[in-house]
Structure formats: structure tokens, C-alpha cells
Amino acid sequence: MPNASVPALEVSGLTKVYDDGTAALDDLSLTVPDGGFHGLLGPNGSGKSTLIGIITGLVRGPAGHVKVFGHDAVADHRLARTMVGLTPQEVHLDRFLTAREVLSFHGRYFGMTKADANERADELLVAFNLEGKSGTRPNRLSGGMRRRLLIARALVHRPRLAILDEPTAGVDLELRHDLWTYLQRLQEEQRTTILLTTHYLEEAEALCDDIALIRDGRILAEGSVDELIERFGGPRLEDAYLAAMETSR
Ligand code: ADP
Ligand code: MG
């Protein structure tokens, strides 16, 4: 089906060298269409979080171009950021705020009125099954609840693109499946474009419409699960992934 809409994300020629000389991204290009569930898979240190940091304005000074829904995210990361909701890899929640405040303050930060932010906070507390915990501080929540709160926080300001950096890392299997349900609902009901990084390949297989494989700061291959399996060998995405990562550099 032809899709004339502006891509959620357009990255071209992106290179990032950290101050200590580490080359994290090497002329990386990637396009993520508007809508759908997209995976970014690669080993530790391949550059996933650096790429996400640049998209969200947290990592500065790259060479190259990043557009979020057509807006230059390098020159003006503020505007791009309003369109992006980020669940960072590290769980970071202010322990002096209640769950509801974590959400409503985030909305205020992004310019929502107090009433709108509160209403949205309550809506998300229900959507993520946290309504009974609205007055609870994050350090009193279970690990799974904290994860859900973190994902909910990324969505308060109704971003068109949600970026989830290893949202299920270290989460037990049962809870992981719960989170999948939330993420699928989110993508379908809220029409949010999702970019997900994960080390759980069965998770990517279950959720993602298409997948980009990243290695050494470059995109190695892109395609649907079936396309990657056809190209690199199956029967599972895991097999294709391992074979792709072994291809010569
Ligand atoms: P991933 O998220 O795929 O594990 P990262 O983007 O975190 O990869 O890291 C890519 C490379 O950049 C790694 O070699 C990592 O050690 C390095 N790196 C990440 N952040 C920094 C930093 N702040 N300073 C220096 N090197 C960094
Ligand atoms: Mg990372």
C-alpha cells in the first residue's frame, strides 16, 4: 500500500564519535515509516542507545542528519522531542513523586495545562493497570509496575513516536508478556509509531512489523522477520540474527 506520509524517522549519514574517541555510529542511515512497530536489534555496544540519544537530544554533536516527522532533530531537538516519547534504558524515576505526579509533571514539562496533564495521568494509570498506585512512590512499586510507569511516562504528552530502549530488560517472562500486551494495545489504539530495542529476539518476532539490525554503528540489514529469515536463514529470527551478525565486515 503506498504511504505518502512523512516518515516518523529519517536518519542519514549519522556519525558520532564520543570525546574519548569511541566511534559509536559510523555513517548510519535508517528510515522508520509512520505507524507500526519497528525493531532495532544489535549486540551491546552496537550504537542503539547512542542513536536514540541523538534522536531525543540527549547525545550532542553528531555529524549527519536526523529528521523526526520531517523536523530536524539535530538543529532543533526541542521541537523533535515534543514528538518523541522515550523510555530510557536505565530506570530513572524521581523517588519523591507519586506515580501520578511522575506522569502529570512530565506532561507539565512538555507544556500541557495542569488539568490536561492530570487527566492524561489518570487515563494512563488506568491503561497501565496502575490506578490503585496513583499515590504510591516509585520505590514502593514492584519492578514490573515501575517499568509500566516508565512506559506510561513516555506517552503523557501524546508523542507520535515512542522509543523504548530495552523496556523489558531483566523482566521475568510472565511480566514480559504483560508488557507486550500493553505495547500492542498502545500501538493499535493510540496510533503511536513504536521503535523498540530488545535483546529478546522472540519479543521482536512477536511484536515488530520490521526490524533493522545494527552492528558497529551501522545498519547491517533491514526487513520483516520473514525477509530476514529468508535472507540469512531460519527457522527463527534468532537464527537469522546470529547468521547476519557473523557476516563479514
Ligand atoms: P548499545 O545501546 O547498542 O549497547 P551504545 O550506544 O550504548 O550501544 O554504545 C555504543 C558505543 O559507544 C559503545 O562502544 C559504548 O561503550 C560507547 N559509548 C556509549 N556512551 C558513551 C559515552 N558517554 N562516552 C563514551 N563512549 C560511549
Ligand atoms: Mg543501549
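Read-outs throughout are calculated quantities, based only on the coordinates presented, and are distinct from any laboratory measurement. Everything quoted here is computed from the prediction, not taken from an experiment. Quick reminder, even Gly has a Cβ in these numbers, built from the backbone with ideal geometry, and neighbours come from all protein chains shown.
Secondary structure note: in the chain, about 50% of the DSSP beta bridges are antiparallel.
What percent does the relative contact order of the chain come to when contacts are Cα pairs within less than 8 Å and at least six residues apart?
Working: 480 pairs, mean separation 59.2, N = 249.
Answer for the chain is 24 percent.
In this structure, the amide hydrogen of residue 25, modeled 1.01 Å from its nitrogen in the peptide plane, lies closer than 5 angstrom to those of 16, counting only residues at least 5 positions away or on a different chain.
How many lysine pairs are close in the chain, with Cα atoms under 22 Å apart and the two 8 or more places apart or on different chains? Spell out each step's value before the answer.
On the way: 16/48; 16/67; 48/67; 114/133.
Lysine pairs meeting both conditions in the chain amount to 4.
Could the peptides 21-29, 155-163 be put in order, highest first, of the mean number of other beta-carbon atoms found within 10 Å of their residues? Could the numbers behind the result be given before it?
Numbers: 21-29: 16.0, 155-163: 21.3.
In decreasing order of mean packing, 21-29, 155-163 become 155-163, 21-29.
For the listed peptides 201-208, 182-189, 35-42, a ranking on the average number of other beta carbons within 10 Å per residue, highest first, reads 35-42, 201-208, 182-189. Loop-located GluC sites (Glu not before Pro) in region 90-164 (DSSP state not H, G, I, E or B) with no more than 10 neighbouring Cβ atoms inside 10 Å: 90. In region 170-249, Cα pairs under 8 Å separated by at least six residues give a relative contact order of 17 percent. Whole-Hz Karplus values for region 122-138 come out as 5, 4, 6, 4, 5, 4, 9, 6, 10, 4, x, 10, 4, x, 8, 7, x Hz, taken residue by residue from phi with 6.51 cos²θ - 1.76 cosθ + 1.60 and θ = phi - 60°; glycine and proline positions read x.
With helices as the sole contributors, the chain gives -11000 deg cm²/dmol at 222 nm; each DSSP H run of n ≥ 4 counts as -39500 (n - 2.57), and the sum is divided by every residue. Note on region 13-126: dipole from Cβ charges, positive end direction compared against 30, 74, 14; the farthest Cα belongs to 74.
Given a cut-off of 29 Å, what percent of all Cα-Cα pairs of the chain lie beyond it? Of all Cα-Cα pairs in the chain, 29 percent lie more than 29 Å apart. Positive-end ranking of 42, 183, 245 along the dipole of the chain, with charges on Cβ about the Cα centre, is headed by 183. Across the alpha-carbon set of region 103-230, the Rg to Rh ratio works out to 1.01, Rh being the Kirkwood radius.
Between residue 94 and residue 65, the contour length at 0.36 nm per residue exceeds the alpha carbon distance by 7.2 nm.
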